[in-house]
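Chemist: Attaching a single structure in structure tokens format; questions to follow.
Values quoted throughout were computed directly from the atomic coordinates according to the rules given, and no laboratory measurement underlies them. None of the values given here were measured: they were computed from a predicted structure. So basically every Cβ, Gly included, is an ideal-geometry build from the backbone, and we count neighbours across all protein chains shown.
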Amino acid sequence: MKNIMFIAPPAAGKGTQADLIVEKYHIPHISTGDILRDISKENSEIGHYVSEVLSNGGLVKDDITDQLIERRLKQDDCKNGYIIDGFPRNIDQAKIYDKILEKLGYKMGYVFLISIDEKELEKRITGRRVCENCKAIYNINSEIHSPKIDSTCDLCGGRLYQRKDDNIEAFQHRYQLYLEKTEAIINHYKEQGVLYEIDGNGTTEEVFQAIDRIISGDDEK
Ligand SMILES: [Zn+2]
């Protein structure tokens, strides 16, 4: 069983790694955002509640979220493992997640902590450019990901721009929040012996290989 969770700072490539795991192991990517969006379309009491909260931009009550996650993890497609995303966000939720797993008879599996040098993250974020036409993403600080012609999309010739949040101040703010928010969760999983630290400074392929080396051929967990 491959139950997988990532703890990673912004721009660490968590989404890409999740996609690669889904592709190789055919396990579902469970995101709390998706669960809530799906349930909000359901014609039930809980569906109506979630739909109303989401359309008002509010936060769904914790106990409802917990219940929905448990319900989702119970489904057959999760029996061989899954990637959980967007949960737990804090230590209280981490303790609730422990209880959900216990109830379902599941193991924690692998918690991957992707560690990247702050300078590398800064480079990734401040160098990011997006095509205003086809949304392709480039990075002018990376040899392989920079566009062939300055400020121009290789794919469609569209103009490249920098997102408002992709600046150093916004990054540092988000990064500090990330460190504060994850410290207790990291210790929690370290104590459980399920935390695997991955060096995220390498290429997508290198990072994936490091993760895959840990999960491949190990069906006991
Ligand atoms: Zn383009």
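Chemist: What is the dipole size for the chain, taken about its Cα centre, with +1 at each Lys and Arg Cβ and -1 at each Asp and Glu Cβ, in debye to the nearest 20?
Modeler: The dipole magnitude comes to about 320 debye.
Chemist: Kindly list the residues of the stretch 23-42 that lie in the label zone of Asp76, defined by a backbone N under 20 Å from the point 7 Å along the Cα-to-C-beta vector.
Modeler: Inside the label zone: 25-30.
Chemist: Then there is this: Springs between alpha-carbon pairs under 10 angstrom, Gaussian network model over the chain: which of Ala18, Ala136, Ala184 fluctuates most?
Modeler: Highest fluctuation among the options: Ala136.
Chemist: Which order do peptides 89-99, 7-17 fall in by mean Cβ count within 10 Å, highest first?
Modeler: So the peptides 89-99, 7-17, ranked by packing, come out 7-17, 89-99.
Chemist: Build a GNM of the chain with springs between Cα atoms under 10 Å: which of Pro28, Pro147, Pro88 gets the top mean-square fluctuation?
Modeler: Top of the fluctuation ranking is Pro147.
Chemist: 7 Å from Cα along Cα→Cβ at both Lys95 and Asn187: what's the point-to-point distance in nm?
Modeler: 1.3 nm
Chemist: Same structure, new question: If amide hydrogens are placed 1.01 Å from N in the peptide plane, which non-local residues have theirs closer than 5 Å to the one on Ile198?
Modeler: For Ile198, whose amide H was placed from the backbone, the distant partners under 5 Å are Leu113, Ile114, Ser115.
Chemist: Measure up Lys164/Lys190; Lys41/Lys164; Lys41/Lys135; Lys41/Lys190; Lys2/Lys119; Lys119/Lys164 against 26 Å on the Cα-Cα distance and list the ones that go over.
Modeler: Where the Cα-Cα span goes over 26 Å, the pairs concerned are Lys164/Lys190; Lys41/Lys164; Lys41/Lys135; Lys41/Lys190; Lys2/Lys119.
Chemist: If we count other beta carbons within 10 Å of each Cβ, what is the order of Ile144, Ile214, fewest first?
Modeler: Ile144, Ile214
Chemist: Further question on the same structure: Is the C-alpha gyration tensor of the chain telling us rounded, prolate or oblate? Criteria: a/c under 1.5 is rounded; beyond that, a/b larger than b/c is prolate, otherwise oblate.
Modeler: prolate
Chemist: Here's another thing I want to ask about it. Under the rule of -39500 (n - 2.57) per DSSP H run of 4 or more residues, summed and divided by the residues of the chain, what mean residue ellipticity at 222 nm is obtained, to the nearest 500 deg cm²/dmol?
Modeler: After summing the helix terms and dividing by residue count, I get -14500 deg cm²/dmol.
Chemist: Per-residue HN-Hα couplings for the stretch 137-146, Karplus 6.51 cos²θ - 1.76 cosθ + 1.60 at θ = phi - 60°, whole Hz, x for Gly and Pro?
Modeler: 10, 10, 9, 6, 8, 10, 4, 7, 10, 8
Chemist: Now for a different question. Rank Ile35, Ile149, Ile46 by mean-square fluctuation in a GNM of the chain with C-alpha springs under 10 angstrom and give only the top-ranked residue.
Modeler: Judging by the Gaussian network model, the answer is Ile149.
Chemist: Set the Förster radius R0 to 30 Å, insert the Cβ-Cβ distance between Thr203 and Ala170 as r into 1/(1 + (r/R0)^6), and round the FRET efficiency to 0.05.
Modeler: 0.75
Chemist: Classify the stretch 1-132: rounded, prolate or oblate, from the alpha-carbon gyration tensor (a ≥ b ≥ c, eigenvalue square roots; a/c under 1.5 rounded; otherwise prolate if a/b is larger than b/c)?
Modeler: oblate
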